[in-house]
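Scroll down for the structure; my scribbles are underneath it.
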Amino acid sequence: MHNRKISRVLVLAAALAVAAITPAVAQKPFVEVGKQPPITILVASTPWYPAFEKVVGLYEQQTGNQIKLDTTPFGGMLEKARNAVRTGKSPYDLMMLDTQWTIEFYEGGFVSPLKEIDAAFDLPKEVMSFGDSGYWNAQKRWRTADGGKLMAYTVLGNVQLLYYRADVLKQAGLAPPKTWGDVLAACTKLNDPPKTYGFVARGEKGNGIRYDWQSVMLAEGASVVKDPAAGDFTVTINSAQAKAALDLYIDLLKRCGPPNYGSLGQGDVIQLLATGKAPMGDVVTAAFASFEDPAKSAVVGKLETVPLPAGRNGGQGAVIGNWNAVIPKDAPDAQKKAALAFSRWFVTYDAQRAFAQAGGIPNRSDVYTSDLAKESRLRWMPAYLETQKFARQELGYAEGALVEQILGLRLNQALIGEMSSSKALNTAAKEIEELFKKNARKTGSLPPLPE
Amino acid sequence: MSPGALANRTFRHWSLLPAVFLFAVLTLYPLVNLVRMSVSTIEFTQGTEDWRFTPRANFAQLAADDVLRPALVNTLIFVAVSVAAEIVIGLALAIAVAGLSRGKQWVRTAMILPILVPPVAIGSMWKLMYNYDFGIFNQALTAVGAMPVNWLGSTQLALGSVIVVDIWHWVPFVFLILFAAVEGLPVDLLEAARVDGATRSQVVWRIMIPLLRPAIVVAFLFRSILAFKVFDEVFLLTSGGPGTATELVNLHLYKVFFEQNQLGYGALLSLAVIAAIVAFLMVARRASAAVQAR
């Protein structure tokens, strides 16, 4: 009895202590940034937006500085960003850009290098580089920290993970797949349409199939272009390895996916996993939070993640799909400084920790090795951190958007049977080579695959 | 000419100036600019616009555009099938509703609801209904023991599925135009035909439809122009896929302009679309004049 009384007193004292500390923590900034003018941020309406909004609220609360968020659907982001920087006076002081769009803005001279705003600004070493997508080497026309200027930092670094239903796999006597071959074997066993589709990934034309397939392509050791970082734009997409990767991907979707595999988008893939119709899927990390939300998911607590599987030779591949924050060149100087002040605050350990707790994907490695990684709702963290070892940027050149259009169409045509995988890759190679020739790149291509 | 008349004439000419100015600013300038863009390559470097005169390269790209051909074919199929179906259904509904003795206003109000729904909502709503696993159509089919249908994922069915949505959306528009025309038909003429022993079918085919021809032509022209410009529904439903099954010219134009950032080639493609619509309208106008003359 006495012990219980003591326990109660201790709990009460602890609660009071926490209550007393919490406002102090909330009010004391994670880093001192001073009084700044209000800024406007252009941000996409994405699954991670609510987490970002919460963290921005925390910044306002701690610093008293005001931030206005212009939340825009993904489809309208690029045009808003382009219009902002082409008019001479940007309405935004900080803009989130999809990694694919950054090259256009870096190369076009539309964003301010961060050190030009404040020479003392630097990213903490714990902030992950995400394939150097925040740097721009104008001479090489390449995103690299080697001789490049810091133009941006990653707000959210998405990578694909392999999601699987631990309970279903266990019941079927299967271990989490380690290779794409394992995925095919497991999904064939689990497939029971229309009740269960063994494996789901995007097959829809455009960015969907291009992005998802490229992970398999990288795992098979194939590439789109030989060595773009060194200026060698020889097209290698029609290699035997790329064909093997495409054949495998087609096999996976045809044998284990739903009949509408050729038009399956991200929303469909998430829906099939969330409703329990698919026990395995290739989905971005940012989707994890929605699977843990009982209002949106019938599989709360049942989905686990591992890094995307390896190819036949043990290689692994994952494509980074990150959002970078940039400061427009034509924003007023005081606004630029205010945007940089927020950025300095945002990349602190505490802010990134708060971001993770709110459902975001932190950009600092030390958050992933902290106690947070042990929390059940953040159990994707180890797989994510592991994936960072081999994840890379793809199509990181000025022609990237056009190459994506070409690949997005030809891969989809191969998937739905409009053309063979060899013909699709040969056609894509020819079109990409033409594109590089037009832009006076050093290019060439492999001999065509037998059709 | 007296000095007063001359002054009056001069004033009349000068009074047109504001309208001419507005026309130049709002119509001519954008058109001239589009033509200028269509023969250029426009890039943005170091924060400035860089225009290069490259007409040959742009035309060569137009000729070699692999996606444009299927997009043109799909657009023509889309326009022909959707507009024809909308005219037939809209006309049938207009005649049927006009013949109601009670509740005509209620039916008319209910009929026009689909036009009021924003295209974005229509695209999202139909996408859900067409969903292979959870959509209402396949739920209904499986409930009666039939196989589910791959509405948007099959290359054979996708364009048809998109056309159905367009028909649902725009039949009310055709209905409204034709309903007003049916209501305006001379009652004495229809009565006289009935008194002379014409059947309902004869009244429709021999009297009503010939009299409705000008209204049908107007509905046809309006709908054709709008059908050529369809974008939102297709973008939301299929984004042009699978493959090139539902790729339409406007969708392709959007991708060239906004996703690929090829402003010069995009402008040339826009001019080609404008030329195609104008040519179509001229042919349609001549055909309609020939039919009227008969």
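Under the rule of at least 5 residues apart or a separate chain, name every residue whose amide H is placed under 5 Å from the amide H of A:LEU446.
A:VAL235, A:ASN238
Averaged over its residues, how many other protein chain Cβ atoms are within 10 Å of peptide A:205-213's Cβ atoms?
Other-chain Cβ atoms within 10 Å of each residue's Cβ, averaged: 2.
Excluding A:LYS89 itself, what net charge comes from residues whose Cβ is under 15 Å from its Cβ, given Lys and Arg +1 and Asp and Glu -1?
+2
Using alpha carbon coordinates only, what is the Rg to Rh ratio of the stretch A:322-451, with Rh defined as the Kirkwood radius?
Result: Rg/Rh = 1.14.
When Rg is the radius of gyration of the Cα atoms in the stretch B:58-293 and Rh is its Kirkwood radius, what does Rg/Rh come to?
1.04
What is the calculated FRET efficiency for B:VAL283 to A:ASP232, with r their C-beta to C-beta distance and R₀ = 51 Å, to the nearest 0.05?
0.45
If each of B:ALA24 and A:SER365 carries a label point 7 Å out from its Cα toward its Cβ, how far apart are those two points in nm?
6.5
Which residues' amide hydrogens lie under 5 Å from the amide hydrogen of B:GLY241, considering only partners 5 or more residues apart or on another chain, with H built in the peptide plane?
B:THR246
Residue by residue through B:191-203, how many Cβ atoms from other chains fall within 10 Å of the Cβ on average?
0
Hey, can you rank B:236-246, A:286-296 by average C-beta count inside 10 Å, highest first?
Ranked by mean Cβ neighbours within 10 Å, highest first: B:236-246, A:286-296.
Using a 7 Å offset from the Cα along the Cα-to-Cβ direction at both B:GLN260 and B:ASP66, what is the distance between the two label points in nm, to one decimal?
With each label placed 7 Å out from Cα toward Cβ, I get 1.1 nm.
Would you mind computing, in nm to one decimal, how far apart the modelled labels at B:LEU76 and B:PHE137 are, each placed 7 Å from Cα along Cα→Cβ?
Each label point lies 7 Å from its Cα, and together they span 2.6 nm.
Given the peptides A:156-168, A:75-87, arrange them by the average over their residues of other C-beta atoms within 10 Å, most packed first.
Ranking the peptides A:156-168, A:75-87 by packing returns A:156-168, A:75-87.
Rank B:ALA80, B:ALA96, B:ALA143 by mean-square fluctuation in a GNM of chain B with C-alpha springs under 10 angstrom and give only the top-ranked residue.
Per the Cα network of chain B with a 10 Å cutoff, B:ALA143 tops the list.
On a straight-distance basis, which aspartates and glutamates could pair with A:LYS149 in a cross-link, Cα separation under 12 angstrom, same-chain partners fewer than 8 positions away excluded?
A:GLU107, A:GLU116, A:ASP122, A:ASP132
For A:261-269, what's the mean count of beta carbons from other chains sitting within 10 Å of each residue's beta carbon?
5
Going through the cross-link list A:LYS80/A:LYS438; A:LYS178/A:LYS374; A:LYS178/A:LYS296; A:LYS89/B:LYS229; A:LYS35/A:LYS374, which pairs have a Cα-Cα distance over 26 Å in this structure?
A:LYS80/A:LYS438; A:LYS178/A:LYS296; A:LYS89/B:LYS229; A:LYS35/A:LYS374
Could you tell me, in Å, what Rg and Dmax come out for the Cα atoms of the stretch A:100-239?
Using the Cα atoms of the stretch A:100-239, the pair Rg, Dmax is 20.3, 60 Å.
Based only on Cα atoms, what Rg/Rh ratio does the stretch B:146-225 have, Rh being taken as Kirkwood's radius?
Looking at the stretch B:146-225, the ratio lands at 1.20.
How about A:LYS442: which lysines have a C-alpha closer than 20 Å to its C-alpha, ignoring those fewer than 8 places off in the same chain?
Filter leaves A:LYS140, A:LYS226, A:LYS430.
Quick query: amide H of A:TRP142 versus all other amide H atoms, modeled in the peptide plane; which residues come in under 5 Å with a sequence gap of 5 or more or a different chain?
Amide H neighbours of A:TRP142, under 5 Å, 5+ apart: A:ASN137.
For the stretch B:1-125, what class follows from the C-alpha gyration tensor (a ≥ b ≥ c being the square roots of its eigenvalues): rounded when a/c is under 1.5, otherwise prolate if a/b is larger than b/c, else oblate?
oblate
Can you give the local net charge around B:GLY197? Use residues other than it whose beta-carbon is closer than 14 angstrom to its beta-carbon, Lys and Arg +1, Asp and Glu -1.
Result for the local shell: +1.
With all distinct Cα pairs included, what does the Kirkwood hydrodynamic radius of the stretch A:21-104 come out to in Å, to one decimal, could you say?
It is 14.3 Å.
Tell me, what is the percent relative contact order of the stretch B:58-293, built from C-alpha pairs under 8 Å that lie six or more residues apart?
32
Where the eigenvalues come from the Cα gyration tensor of the stretch A:100-168, what are the semi-axes √(5λ) of the equivalent ellipsoid, largest first, in whole Å?
Calculated on Cα positions only, the semi-axes equal 30, 15, 10 Å.
Measure out, as a whole number of angstrom, how far apart the alpha-carbon centroids of the stretch B:262-290 and the stretch A:256-301 sit.
Cα centroid of the stretch B:262-290 versus Cα centroid of the stretch A:256-301: 44 Å apart.
Taking 20 °C and 1.002 mPa s as the conditions, I'd like the Stokes-Einstein D for the protein assembly as shown in µm²/s, using the Kirkwood hydrodynamic radius from alpha carbon pairs.
Using the Kirkwood radius from Cα pairs, D works out to 73 µm²/s.
Any read-out appearing in this document is the output of simple, stated calculations on the displayed coordinates, not a laboratory observation. Every value quoted in this text rests on a predicted model; they were computed, and no experiment measured them. We place every Cβ from the backbone using ideal geometry, glycine too, and count neighbours over all the protein chains shown.
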